Structure formats: C-alpha cells, structure tokens
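One structure is given here, and the rest of the page talks about it.
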Amino acid sequence: MTGRRGALIILEGVDRAGKTTQCTKLVQALRARGRAAEMMRFPDRTTKIGQMISLYLEKKINLEDHTVHLLFSANRWELAPLIKKKLEQGVSLVVDRYAFSGVAFTSAKPGFGLEWCKNPDVGLPKPDLVLFLQLSPAEAARRGKFGDERYERTDFQKTVLQRFEQLMKDPSVNWQVIDAARSIDELHQEILRHSEAAIEQAANQPVAELWN
Ligand code: DGP
C-alpha cells in the first residue's frame, strides 16, 4: 500500500452521448499507463434491486415514480461499500452514470423538485470528477433511433438535459463539460487528461460525501 487512494470518476450525459464507449476506453488507457482502474455502471442491473430497475426500464413492469427514484438510489447505496473499498485500495473507478442521472431523470418528470430528488443520495461517496458529455438533442437524434426503453424519447431527453444544466451550476462538484459531438478519439484524449489530473489531486485526500 502506498497510501494513495483511487479517484471516483463519473461520466454523465443524456442517452447516446457515448458514455459507455468512453468509459471503456478510459479504463484501458489508465491501465496501459500503469494505473489501477475499474469500470462500474449505474443502474447495475445484476443485483436484485437492479433486476427490478431493469424490468421497469424494459417496460415489463410499472412502478410508482417516487418508488423508482428510491430504487435507483438504493442500487447506488448497495454498491457504496464496494466503491469505498476499491478507492481505499488505490483503484480508480470509472463509473457510467451516478446520482446526477438519478436527479436529472426523476426531476424531468412532472411534480419532482431537484431538492427532493437529491436527498436519497446524500452521503454517497462524492466523485472527484464528473465529466459531462454534452450533446444536443438534434445531434443525439442524428446518431440513430432511440431504442424501446422507458425514457428514450426526444422530448423527455430535452428536459433531462435542462436538469443536468441546473445541476452543473453547483460549484461544489468538479464538473467538466466535454463537447461530445467530436470524434471518439478527440473526446478520449480530453477525458484522459482531466482524469489523470483528478487522480493526482484525489490521491492524498479523504473520500468526501455527496453533496457537500
Ligand atoms: P443506461 O443503462 O445507461 O442506458 O441507463 C438506463 C436508463 O435509465 C437511461 O435512460 C437513464 C436512466 N437512468 C439512469 N440512472 C437513473 C436514475 O438514477 N434514475 C432514473 N429515474 N433514471 C435513471
């Protein structure tokens, strides 16, 4: 043990922004540079709670909106001990979505305020870096048709983007906005640069708590 902890790096953005591709490339690049890195994703559909979320997203079951919000949050909480353990072991985690998606997607539904949506995730490990892959709804639509899952509608995604923009005003979170309309490799290079800086910065600091 060197005593250096790993960094918690989140990729966020609307659907089709390229998050999963970039998460995979980032983990590969960090490992190639001799850094311990692993990928995670939320929702994690492999747990019991995740399986229920998956059925909901596939529209095989319907769930009440508050209930679903709490399930997505519970899915992050059930992985929180593992996240902390990995970070303490010096492993940097590259995570496809986190609490920001949780707040943006639920608060895009009628009758849900940002503050209510943020509450269940209070106390989760705080990310050292949140990369927001910025893509206009028009550009996302050019990337092909949405699938059949719940939330995959252009009008809903426009509201989600507005909610993300509200969240990005919070200066306590290390947001970096990345123009996702560029090539995969250009994006990757910028993401890698920000991630390397975050890993160096996080190394000697304790893991903080959302949303402080
Ligand atoms: P993905 O597996 O990344 O394609 O995400 C599945 C869908 O679930 C996607 O439309 C975004 C949405 N989503 C992700 N996290 C949350 C969350 O915490 N709450 C809600 N309501 N939706 C979420």
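The values are calculated or read from the model by the stated rules, or taken from the named source; none is laboratory data. Given the structure is predicted, the values throughout are model-derived calculations rather than measurements. Neighbour counts are summed over all protein chains in view; Cβ atoms, including those assigned to glycine, are modelled from backbone coordinates with ideal geometry.
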Checklist entry - So, of the residues in region 17-52 that are in contact with a helix residue (DSSP H, G or I) (Cβ under 6 Å, 6 or more places away or on another chain) and among the small types (Gly, Ala, Ser), which turns out to be surrounded by the fewest Cβ atoms within 10 Å (Cβ to Cβ)? => result ALA29
Item to check | region 177-212: number of residues that are part of a strand (DSSP E or B), more than 23 Å from ALA80 (Cα to Cα) and out of contact with any Phe, Trp or Tyr (no Cβ under 7 Å at 6 or more places or on another chain) | outcome: 1
Item to check | Residue in region 125-144 that is out of contact with any helix residue (DSSP H, G or I) (no Cβ under 8 Å at 6 or more places or on another chain) and within 30 Å of GLY3 (Cα to Cα) present | outcome: yes
Next on the checklist: Taking the condition of being at pLDDT below 95, in a loop (DSSP other than H, G, I, E, B) and farther than 16 Å from GLY102 by Cα, how many residues in region 150-171 meet it?
Outcome noted: 1
Next on the checklist: Need the failing condition index for SER73 against (1) under 21 Å from TRP211 (Cα atoms); (2) free of Cβ contacts under 8 Å to residues at least 40 places away in the same chain; (3) of a type in the set (Ser, Thr, Tyr), just the number.
Outcome noted: (2)
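Yes/no matrix, rows are residues, columns are (1) in contact with a Ser or Thr (Cβ under 6 Å, 6 or more places away or on another chain); (2) touching a residue at least 40 places away in the same chain (Cβ under 8 Å):
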position: PRO81; (1), (2): no, no
position: GLY90; (1), (2): no, yes
position: TYR98; (1), (2): no, yes
position: PHE105; (1), (2): no, yes
position: PHE112; (1), (2): yes, yes
position: GLU115; (1), (2): no, no
position: LYS118; (1), (2): no, yes
position: VAL122; (1), (2): no, yes
Next on the checklist: I'd like to verify a number: residues in region 84-112 that are among the hydrophobic types (A, V, I, L, M, F, W, C), more than 11 Å from the ligand (Cβ to nearest atom) and either more than 15 Å from PRO125 (Cα to Cα) or surrounded by fewer than 21 Cβ atoms within 10 Å (Cβ to Cβ) (or both), how many?
Outcome noted: 2
Item to check | Within region 1-48, tally of residues that are β-branched (Val, Ile, Thr) and near the ligand (Cβ under 10 Å from one of its atoms) | outcome: 2
